[in-house]
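One structure below.
Nothing in this text is a laboratory measurement; each read-out follows from the coordinates by a stated rule. If you're wondering where the values come from, they're calculated on a predicted model, not measured in any experiment. No Cβ is skipped: glycine too gets one built from the backbone with ideal geometry, and neighbour counts run over all protein chains shown.
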Amino acid sequence: MLARTMGYLLVSLIGGILGKLLHPGDDGNGLIKTIILGILGSMLGNFLSSRLLGTSMDGVSLQSIGISTAGSVLVLFIWRAIQKKKA
């Protein structure tokens with residue numbers, strides 16, 4: 001159970017970092033916010049991939065990292081759209 005959770009957090013962190021690299025901007029996000037972004041991205045990516053593609057994240061793999069990264073980019077896009085409307 002602990003190993004699975006640590007694996008999920010690792011995939012989330014990698015996905016969050018890659019998401020920020022693919023969708024850069026001046027968010028001022030540190031490591032904690034990047035991990036949170038990755039977790040949200042992983043959850044969103046896993047939900048969408050299971051519904052649309054019939055696949056899901058399973059352990060630490062390139063597929064899991066890809067799903068997490070795609071979800072992170074989508075979360076960043078949505079977050080920035082919300083921030084622009086507030087400004």
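Listed values, structure above:
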quantity: Volume in Å³ per residue [convex hull over Cα atoms, computed for the chain]; calculated: 91
quantity: Residue among 11, 60, 75 with the largest mean-square fluctuation in a Gaussian network model of the chain, springs linking Cα atoms under 10 Å; calculated: 60
quantity: For the chain, built as a Gaussian network whose Cα springs stay under 10 Å, the top-fluctuating residue of 56, 64, 72; calculated: 56
quantity: Projected label distance in nm at residue 55 and residue 32, using a 7 Å step from Cα toward the beta-carbon; calculated: 3.4
